[in-house]
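Undergrad: This is the structure I want to talk about, given as structure tokens.
The values are calculated or read from the model by the stated rules, or taken from the named source; none is laboratory data. Keep in mind the model is a prediction, meaning the values are calculated, not measured. Here Cβ is always computed from backbone atoms with ideal geometry, including for glycine, and neighbour counts include all displayed protein chains.
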Amino acid sequence: MAAYIKLLVFVVIHMFLLVSADVRKKEESLGDKVQQLMEWNNKKSIIRLNGDKFRQYVKASPRNYSVIVMLTALQPQRSCVVCKHANDEFQILANSWRYSQQYSNRLFFALVDYDEGSDVFQSMKLTTAPVFMHFPPKGKQKKADTHDINRNGYAAEMLAKWVGERTDIQIRVFRPPNYSGTVILALLFAMIGGLLYFKRNNLEFLYNKTSWGIISLAIIFAMTSGQMWNHIRGPPVMHRNPNTGQMHYIHGSSQGQFIMETYIVMLLNTAVVVGFIMLNEAQTMKGDPGKKRILSLVGLGCVTIFFSLLLSVFRSKYQGYPYSFLFK
Ligand SMILES: *[C@@H]1O[C@H](CO)[C@@H](O)[C@H](O)[C@H]1NC(C)=O
């Protein structure tokens, strides 16, 4: 009997030792993990992870820190323009955290690039990029731990708000100031001011309808052709199909556009408007009726041909649009 008790005590003690060793090992590895993350974080505010590191530092327990991960595709051959912009915003947010007063080891920002960790994308069944996810220190991920880009966008301020909701850490976004807009505006005012000053004795030109008309048209063409969209979204100039090697100047859907396309549309719009102006001029012009007729025919031709081209561009982007004219 005593032998049994001895054995039992032995086993219990042994198990206790095993468990406590395990706990200590876990604690050690948690300490190591946090230390490693801090070390990386000292060099960069966004920690770049491949598949293995992602599993070790973000997925595996134990953890006592939150990680915000951006899963993205930044390699140029992936031609993900949104990823680049999202990355800039994420960088601003991560820097705002990294250099804030409250910076601590409670929260880390990390990035997994598709070309370094495609297995991560597969294991989470992700088919789009970028995706922002929060990995809490404890417990399962919830639906709200994935940032809803479609609804809230990826501006650093919106991401900060979401991070605040998920982690209770409020980050004040600090944007490095951008003076280029101000400089251009100041130059513009200086030029206009200078012009008015030198022409101060002869301000007739201010009453010139044609020059105002041309300025207005230039602004209208720039805006209706989507130059502002280009400025904000930075689309590629054109696109080469990697399979056929064919160049595409027009984006195949109404969700996007290429820079080349906006110039084409701008030219077509201009040609249509010039056609209308010719028609108008032919009506009011004095003199030779033969010239009038030629001008109105040329104007009519311009309007018909270029408007048809414009329609066919629209048709190619907006699948299922039923109307066309002259050209398919
Ligand atoms: C997490 O655990 C490690 C190791 O025990 C510790 O050094 C670190 O300060 C902890 N972090 C937080 C936010 O409590």
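Undergrad: So if I check each of Ala222, Ala186, which one is surrounded by 10 or more Cβ atoms within 10 Å (Cβ to Cβ), under 26 Å from Phe306 (Cβ atoms) and among the small types (Gly, Ala, Ser)? Don't jump to the end; show me each part of the working.
TA: Numbers: Ala186 fails: under 26 Å from Phe306 (Cβ atoms).
Sole residue among the options that is surrounded by 10 or more Cβ atoms within 10 Å (Cβ to Cβ), under 26 Å from Phe306 (Cβ atoms) and among the small types (Gly, Ala, Ser): Ala222.
Undergrad: Which residues, counting only those in the stretch 90-123, are part of a strand (DSSP E or B), among the aliphatic types (A, V, I, L, M) and out of contact with any Phe, Trp or Tyr (no Cβ under 7 Å at 6 or more places or on another chain)?
TA: Going through the stretch 90-123, the residues part of a strand (DSSP E or B) turn out to be 107-113.
With the extra rule that they be among the aliphatic types (A, V, I, L, M), the set shrinks to 107, 110-112.
Matches in the stretch 90-123: Ala110, Leu111.
Undergrad: If a residue has to be farther than 21 Å from Thr262 by Cα and modelled with pLDDT of 90 or more to count, how many in the stretch 290-328 make the cut?
TA: 12
Undergrad: Follow-up question, since we're still on this one. Only one of Gly226, Gly234, Gly213, Gly193 is farther than 30 Å from Asn105 by Cβ and touching a Lys or Arg at 6+ places or on another chain (Cβ under 9 Å); which? Walk me through how you get there before you give the answer.
TA: Working: Gly226 fails: touching a Lys or Arg at 6+ places or on another chain (Cβ under 9 Å); Gly213 fails: touching a Lys or Arg at 6+ places or on another chain (Cβ under 9 Å); Gly193 fails: touching a Lys or Arg at 6+ places or on another chain (Cβ under 9 Å).
Exactly one of Gly226, Gly234, Gly213, Gly193 is farther than 30 Å from Asn105 by Cβ and touching a Lys or Arg at 6+ places or on another chain (Cβ under 9 Å), namely Gly234.
Yes/no matrix, rows are residues, columns are (1) modelled with pLDDT of 90 or more; (2) of a type in the set (S, T, N, Q); (3) touching a Leu at 6+ places or on another chain (Cβ under 9 Å):
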residue: Met228; (1), (2), (3): no, no, no
residue: His239; (1), (2), (3): no, no, no
residue: Asn243; (1), (2), (3): no, yes, no
residue: Gly252; (1), (2), (3): no, no, no
residue: Phe258; (1), (2), (3): yes, no, no
residue: Glu261; (1), (2), (3): yes, no, no
residue: Gly275; (1), (2), (3): yes, no, yes
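Undergrad: Consider Arg106 against the criteria (1) among the basic types (Lys, Arg); (2) over 18 Å from Trp162 (Cβ atoms); (3) within 16 Å of the ligand (Cβ to nearest atom): it satisfies all of them except one. Which criterion is unmet?
TA: Condition not satisfied by Arg106: (2).
Each row is one residue, and each column tells you yes or no for (1) part of a loop (DSSP other than H, G, I, E, B); (2) closer than 30 Å to Asn105 by Cβ; (3) not β-branched (Val, Ile, Thr).
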{"site": "Lys125", "(1), (2), (3)": "yes, no, yes"}
{"site": "Phe132", "(1), (2), (3)": "no, yes, yes"}
{"site": "Gln141", "(1), (2), (3)": "yes, yes, yes"}
{"site": "Asn150", "(1), (2), (3)": "no, no, yes"}
{"site": "Glu157", "(1), (2), (3)": "no, yes, yes"}
{"site": "Trp162", "(1), (2), (3)": "no, yes, yes"}
{"site": "Thr182", "(1), (2), (3)": "no, no, no"}
{"site": "Ala186", "(1), (2), (3)": "no, no, yes"}
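Undergrad: Continuing with this model, one more query. It is to be established whether one or more residues within the stretch 95-103 are within 13 Å of the ligand (Cβ to nearest atom), surrounded by fewer than 17 Cβ atoms within 10 Å (Cβ to Cβ), over 29 Å from the mean Cα position of the chain (by Cα) and not basic (Lys, Arg). Please lay out each step first, then the result.
TA: If we filter the stretch 95-103 for residues that are within 13 Å of the ligand (Cβ to nearest atom), which is where we start, we get 102-103.
When the remaining residues are screened for being surrounded by fewer than 17 Cβ atoms within 10 Å (Cβ to Cβ), the result is 102-103.
Next cut, over 29 Å from the mean Cα position of the chain (by Cα) only: none.
Within the stretch 95-103, none of the residues are within 13 Å of the ligand (Cβ to nearest atom), surrounded by fewer than 17 Cβ atoms within 10 Å (Cβ to Cβ), over 29 Å from the mean Cα position of the chain (by Cα) and not basic (Lys, Arg).
Undergrad: Only one residue in Asp22, Asp32 is within 16 Å of the ligand (Cβ to nearest atom), modelled with pLDDT under 85 and part of a helix (DSSP H, G or I), so which one is that? First the steps, then the outcome.
TA: Numbers: Asp32 fails: modelled with pLDDT under 85.
After applying the criteria, what remains is Asp22.
Undergrad: Look through the stretch 132-180, keep the residues that are under 14 Å from Val58 (Cβ atoms), in contact (Cβ under 8 Å) with a residue 24 or more places away in the chain and surrounded by 12 or more Cβ atoms within 10 Å (Cβ to Cβ), and return whichever of them is nearest to the ligand (Cβ to nearest atom).
TA: Pro137
Undergrad: Of all residues in the stretch 35-65, how many are within 9 Å of the ligand (Cβ to nearest atom) and not in a helix (DSSP H, G or I)?
TA: 4
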